[in-house]
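The values are calculated or read from the model by the stated rules, or taken from the named source; none is laboratory data. Worth saying up front: this structure is predicted, and the values here are computed from it rather than measured. Here the Cβ positions follow ideal geometry from the backbone for every residue, glycine too, while neighbour counts run over all protein chains shown.
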């Protein structure tokens, strides 16, 4: 979705990359903060922001205002409403990856006992309970993110390229953990 002048500038891209893997890529700015509302689906969200700011609201109680380079790992049970307010006159480069257990265990071979806390419980098939961590990411993750935003491919091969980069970013980030 290319943002028109009255809405902002840049683009917002929604990609389905597999049965339980999808991504949202944003590079631009909105004239006003835009709310994106989702109910938890027992998916794991890896959110990587290179620049910009956003606010997170869970239900009507828990709010976080975040700015600058940051990674977030979010796990939402099915009944929790999550609203992500993106931008508002500030440029933003961000990637949100939504993935399920199968992508982590079958496609990437992640072993639950090698992960910290809530990630370990989730990958092992435990109950999805609300969890949110704010973390810094490594230089390797940053370089993979930067390459994603400078993607040299277009057209029909772009989704395959994006999927490869998304899996690389997940691998690098989990390796850092």
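Among the strands (runs of 3 or more DSSP E) lying completely within region 1-119, list those that include at least 2 residues that are surrounded by 14 or more Cβ atoms within 10 Å (Cβ to Cβ) and at pLDDT below 80.
Values: elements: 8-18, 21-30, 34-39, 44-51, 53-58, 62-67, 70-75, 81-86, 92-99.
Output list reads 8-18, 21-30, 34-39, 53-58, 81-86.
Look at region 154-163 and say how many of its residues are surrounded by 12 or more Cβ atoms within 10 Å (Cβ to Cβ) and either over 14 Å from the mean Cα position of the chain (by Cα) or not in a helix (DSSP H, G or I) (or both).
3
Working carefully through the options 81, 95, 108, find the one that is farther than 27 Å from residue 9 by Cα and in contact with a strand residue (DSSP E or B) (Cβ under 7 Å, 6 or more places away or on another chain).
Numbers: 95 fails: farther than 27 Å from residue 9 by Cα; 108 fails: in contact with a strand residue (DSSP E or B) (Cβ under 7 Å, 6 or more places away or on another chain).
Checking each option against the conditions leaves just 81.
Just checking, how many residues over region 120-153 are under 23 Å from residue 50 (Cα atoms), out of contact with any helix residue (DSSP H, G or I) (no Cβ under 6 Å at 6 or more places or on another chain) and not in a loop (DSSP other than H, G, I, E, B)?
Total meeting the criteria: 11.
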